[in-house]
Amino acid sequence: MSAARDPLQRAIAQELDRPVAPAIAAFAAQLAQRGGNTVVAVLFYGSNLRSGDLGGVLDYYVLVDRLARWHPRRVAAIANQLLPPNVSYETTQIDGVDLRAKVAVLSLQQFQRGMRQAAIDTTLWARFAQPLGLAWVRDPAARTQTIAAVCAAVATAARWAALLGPERGRAVEFWQALFQRTYAAELRVERGGCRARSLIEHESERYTRLLPLAWRASSVDFRVRDGNLLEPRINPTQRQLGARAWKLRHALGKPLNLARLAKATFTFENGADYVAWKVERHAGIQLQLSAWQRRHPLLAAPAVLWKLRRAKALR
């Protein structure tokens, strides 16, 4: 890593090295054990990282050397190679507490490629520019590779924030402008502006501290005015080219999300159990699924939906 990235690298390393809750680390270790020596690292992210709540669904990303060694079915490995990541719903019990998690899996190489500014898909670098925990890592070399990839995500996000954000403003205003754009490019239920604001508010000091470090790491020249106003030196041509490049990413964002949803109907492991848990949590109705329904969730869906409608869980 170049000298320009050293301050950013130190900041990200400190963030990733902060201990996660023991139960979260233990679950991550179980996931790593499942994959054997092909697992490089297990990252923990999402609202539970901040809240420490173990009652909802935890969010993990598992990075592997080879997808074929993680997926027992060849078709799942091929699907993950073509359109990462594959997602599964996993459950375990640790110290008498039932834990549930969505686990996304992709190769380290896919992870690294997804962090570059040239990446068409914005979801990876946008997600991993946000706070993370390194819940499990294989060895020091794997830690170094993971930190470098996350640094690249933050640097990529910061450069896009300079291209798409205000000409001058506080650091949080640049981040908020960026996340409004990335959420607008995805299939989302919540409004991008509201989500972006809440995301920044919880970690405003972190985002304020990282932006200058990330701009230096990504070779964005800038000035500081009036104490805390940042002014990136982006000329009109650069802004125009950036806006044009973003149009392509925005246009392809939702189709990529739809393609992943379509893929998930065939590759989401234990997806039926995940849906059943969500129904019980939000509607108070227990779905007793047969082994056949678990194996064939698409074929079983009409009967399950009819049962939910009769129970007035659907309106």
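The values are calculated or read from the model by the stated rules, or taken from the named source; none is laboratory data. Predicted model, so just to flag it, every value in this text is computed and none were measured. Ideal geometry is used to build each Cβ from the backbone, glycine not excepted, and the neighbour counts take in all protein chains shown.
Structural remarks
Condition check ((1) within 25 Å of R113 (Cβ to Cβ); (2) modelled with pLDDT of 95 or more) across all residues:
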{"residue": "M1", "(1), (2)": "yes, no"}
{"residue": "L16", "(1), (2)": "yes, yes"}
{"residue": "P19", "(1), (2)": "no, no"}
{"residue": "F27", "(1), (2)": "no, yes"}
{"residue": "G35", "(1), (2)": "yes, no"}
{"residue": "N48", "(1), (2)": "no, no"}
{"residue": "G52", "(1), (2)": "no, no"}
{"residue": "V64", "(1), (2)": "yes, yes"}
{"residue": "H71", "(1), (2)": "yes, no"}
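- Subset of the stretch 256-270 (residues that are in a helix (DSSP H, G or I) and touching a residue at least 24 places away in the same chain (Cβ under 8 Å)): L256, N257, L258, A259, R260, L261, K263, A264, T265, F266, T267
- Flag if L163 is assigned by TED's automatic domain parsing to the domain that holds I12, out of contact with any strand residue (DSSP E or B) (no Cβ under 9 Å at 6 or more places or on another chain) and in a helix (DSSP H, G or I): no
- Test result for L134, closer than 21 Å to Y61 by Cβ and free of Cβ contacts under 8 Å to residues at least 40 places away in the same chain: no
- Lone unmet requirement of (1) closer than 25 Å to P19 by Cβ; (2) over 14 Å from the mean Cα position of the chain (by Cα); (3) at pLDDT 95 or above for A149: (2)
- Only one of the listed residues (A135, A155) is in contact with a Phe, Trp or Tyr (Cβ under 9 Å, 6 or more places away or on another chain), closer than 20 Å to A11 by Cβ and outside any helix (DSSP H, G or I). That residue is A135.
- Test: residue in the stretch 172-183 that is touching a Ser or Thr at 6+ places or on another chain (Cβ under 8 Å) and without any contact (Cβ under 8 Å) to a residue 60 or more places away in the chain: yes
- Yes/no for W125 being part of a helix (DSSP H, G or I), over 27 Å from A262 (Cβ atoms) and in contact (Cβ under 8 Å) with a residue 24 or more places away in the chain: no
- Tally of residues being touching a residue at least 40 places away in the same chain (Cβ under 8 Å) and either among the polar types (S, T, N, Q) or surrounded by 14 or more Cβ atoms within 10 Å (Cβ to Cβ) (or both) across the stretch 210-244: 21
- Qualifying residue in the stretch 3-18 (condition: within 28 Å of E203 (Cα to Cα) and not in a helix (DSSP H, G or I)): yes
- A135 closer than 23 Å to L199 by Cβ and modelled with pLDDT under 95: no
- Flag for V150 being under 22 Å from H250 (Cβ atoms) and assigned by TED's automatic domain parsing to the domain that holds A29: no
- Yes/no for L49 being within 17 Å of the chain's Cα centre (by Cα) and within 26 Å of T267 (Cβ to Cβ): yes
- Considering the stretch 61-72, and only residues there that are in contact with a Ser or Thr (Cβ under 9 Å, 6 or more places away or on another chain) and assigned to a strand (DSSP E or B), the residue that is surrounded by the fewest Cβ atoms within 10 Å (Cβ to Cβ) turns out to be V64.
- In this structure, L187 does not satisfy being out of contact with any Pro (no Cβ under 8 Å at 6 or more places or on another chain) and modelled with pLDDT of 95 or more.
- Taking the stretch 73-120 as the range and being part of a helix (DSSP H, G or I) and under 24 Å from W246 (Cα atoms) as the test, the residues that pass are L82, Q109, Q110, F111, Q112, R113, G114.
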